[in-house]
Structures are given as C-alpha cells and as structure tokens.
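Below: one structure, written as structure tokens.
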Amino acid sequence: MEISIVILNWNGRSWLEKFLPNVIENSKEAKIFVIDNASTDDSITYLKQNFPSVAIVINAENFGFAEGYNQGLKQISGDIYCLLNSDVEVTENWLKPIINLFLSDKNISAIQPKILDYNNKNYFEFAGAGGGLIDNLGYPYCRGRIFEEIEEDQGQYDDETEIFWATGCALFIRAEDFQRMNGFDERFFAHQEEIDLCWRLKNQGKKILYCGKSTVYHVGGGTLNKQSAQKTFLNIRNNLSMLLKNLPLKSLFWILPLRLILDGFAGIYFGLKNGFPHFEAVLKAHFGFYKEFNETLKRRGNFQIKNYYQSKWLIFKHFF
C-alpha cells in the first residue's frame, strides 16, 4: 500500500523548518510531498536546499485549503493520501496502525489519528480531537472537544471506532475515493470542507474511522487565528452549504430555517464577545450562502443518509 503524505504550504517556511524533519524521520513507509499555494516567501528555495527527497508541486495561485489540495493532488499518485497540516508533529510508528485499518476493510474511506495539542500535550486539540461527530442540527463537535470545551487525554479515546468526520489537519483518505468524489468543495476555501467530504462519502455507504493507536500533535490556528472574523465567516457559510447539500430532504425543510435563526443569535453573541467584525461576518456568511444557493442545490447527491447525527440538540444541552 503506497502512502503519500501531502503537506499544503502557503508562506509557511517556519512551519516546514520546525516540523518537516520530524515527519520525515517518523514516516519511512511513505513518500512526502509539499503542495505550494504560490508562496511569496522562500519556502520553495528552503525545501530544495534542505529536503531534496521531498517532491514539490507548485499551484499557480493561492487556492486555499480546499482547491489547493484538489489541484495539487491531481499530480500525486498513491493508494492513500495523508493530508497533513504543516503545523503538525507526528510520533514514532504513527502510520502502521492507520495502514492496518485500511487493509482490514476496503469500505473504509478515511481515517484520522488522535489529535493532541502541541502546546499542551496532555489535552486534545480543537481540530479533530478524538474523532469528529455531528448533532441533528448540523453542529460539528468531537469526542474530547464540544464547542470550546477541551478534555484532558486520559486514555478515554484510545480506541478504534467509526466516526462521522475525520479532521483535515491529519486526514488519511483513499486516493480513489478522493478523486471519485471530486475532492473538496472548492468554494469552501477553508473550514469544514473535510466534514462535507466525509458526509458525502457516508452518503455513499463508506466508513470514516478514528484510530486512537496513532497520535499527532497539532499547533492549530496556523493559517487563520480562532479570533479571526474571516474564520467566523467561513465556518458559518460553509456549514450552511454543507447542510443544504447533505441533509435528508425532510430534515432540511425545518433545520435550515432554524439554523438561520440560531446563527442570528450567534452573530449577536460573537459581536459582543469578539467585536462587531464577527457580527458582520455572520451577516456576510448568510448573504454568501444565499448567493450560492442554486449552485449548492445542484451539488446535492442522489441519496442522503437519515442516521447522520450522534447527538440531538447539542447546542441547547451545552449552553442552556
């Protein structure tokens, strides 16, 4: 089984310098690639001078996370892609448990390892934690992370189990499935594109797994800080588009209007907590969703699974 570890880079020379040696040292079973999103720093020069064994694919412009991977992966072969953020530290033998899981079941499309916080290594990290889930209203959460609350790692998620979505910061996915699904939705740019892809795969009867026997440490916020209004915009707009594409029709008719109302309250909350630009970002996200509504509707598949969620009314249980 040929594993291709693929790191997407944009002006990330410092991340490559810090973490790439670790990835090379602990990934003997894999080929390593860097897709560069038209960086304006010296990332390419640095790679060529210091890591000649790493193959480089150069995109014509900064396409963002989603389209950046879509374009770059067209030029990369392999049975399994590992889409790895540049701000991730991997561990010894992290690949073997993942490979064994893929070999055990051809219906497994994607797998994520345990994601711990690089800066606080006893705790899970926001983006992925112990495996991604979703509630009945379409709010994503993780085992080990519900909204902003993070759990300490005490071995409670050292299992291997089916999940709903695998994090994009260390996403293992069968190359044939990625290409067959036409990759990520390029309109998402960044944020929740991996949830949308996993949901589409689930709609086709594929499995998404979590492997607690493999561990990585993620810095997080390397591209967009958690307090960024642009991050708020992308999360809200992309989540609404994902719901329109993937929710069963009966659920869509009542969940989408309710989510639009709840987003209004969220906009007020974000505005009070983080400043007016975040309230404005929610408004822009809604207008962006409306603008793309017809195109999103065209991207709905022929079948949407009914048992998509793992928890009901999570937002109300958590906040109220």
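The values are calculated or read from the model by the stated rules, or taken from the named source; none is laboratory data. Model, not experiment: these values are computed from the prediction. When we count neighbours, we look across all protein chains shown, and the Cβ atoms used for this are built from the backbone with ideal geometry, even at glycine.
I'd like to verify a number: residues in the range 254-304 that are loosely packed, with under 15 Cβ neighbours inside 10 Å and assigned to a loop (DSSP other than H, G, I, E, B), how many?
Residues meeting the conditions: 4.
Can you tell me which residues in the range 144-163 are outside any strand (DSSP E or B), closer than 24 Å to F270 by Cβ and in contact (Cβ under 8 Å) with a residue 40 or more places away in the chain?
If the condition is that a residue be outside any strand (DSSP E or B), closer than 24 Å to F270 by Cβ and in contact (Cβ under 8 Å) with a residue 40 or more places away in the chain, then F147 is the only one that fits.
Can you find, within the range 10-62, the residue that is surrounded by the most Cβ atoms within 10 Å (Cβ to Cβ) among those that are touching a residue at least 60 places away in the same chain (Cβ under 8 Å) and small (G, A, S)?
Ranking the candidates gives G12 first.
Evaluate the range 83-90: report whether one residue or more is touching a Ser or Thr at 6+ places or on another chain (Cβ under 7 Å) and either assigned by TED's automatic domain parsing to the domain that holds K202 or surrounded by 15 or more Cβ atoms within 10 Å (Cβ to Cβ) (or both).
yes
Given the conditions (1) closer than 19 Å to L297 by Cα; (2) of a type in the set (F, W, Y); (3) touching a residue at least 40 places away in the same chain (Cβ under 8 Å), which single one is not true for F233?
It fails just one condition, (1).
Residue by residue through the range 279-320, note down the ones that are in contact with a Phe, Trp or Tyr (Cβ under 9 Å, 6 or more places away or on another chain) and farther than 19 Å from G267 by Cα.
Answer for the range 279-320, where residues must be in contact with a Phe, Trp or Tyr (Cβ under 9 Å, 6 or more places away or on another chain) and farther than 19 Å from G267 by Cα: T296, Q304, I305, Y308, Y309, Q310, S311.
For the range 262-307, name all the residues that are of a type in the set (A, V, I, L, M) and in contact (Cβ under 8 Å) with a residue 24 or more places away in the chain. Lay out the reasoning, then the answer.
Taking the range 262-307 first, the residues of a type in the set (A, V, I, L, M) are 262, 266, 268, 272, 281-283, 285, 297, 305.
Residues satisfying the conditions are L262, A266, A281, V282, A285, L297, I305.
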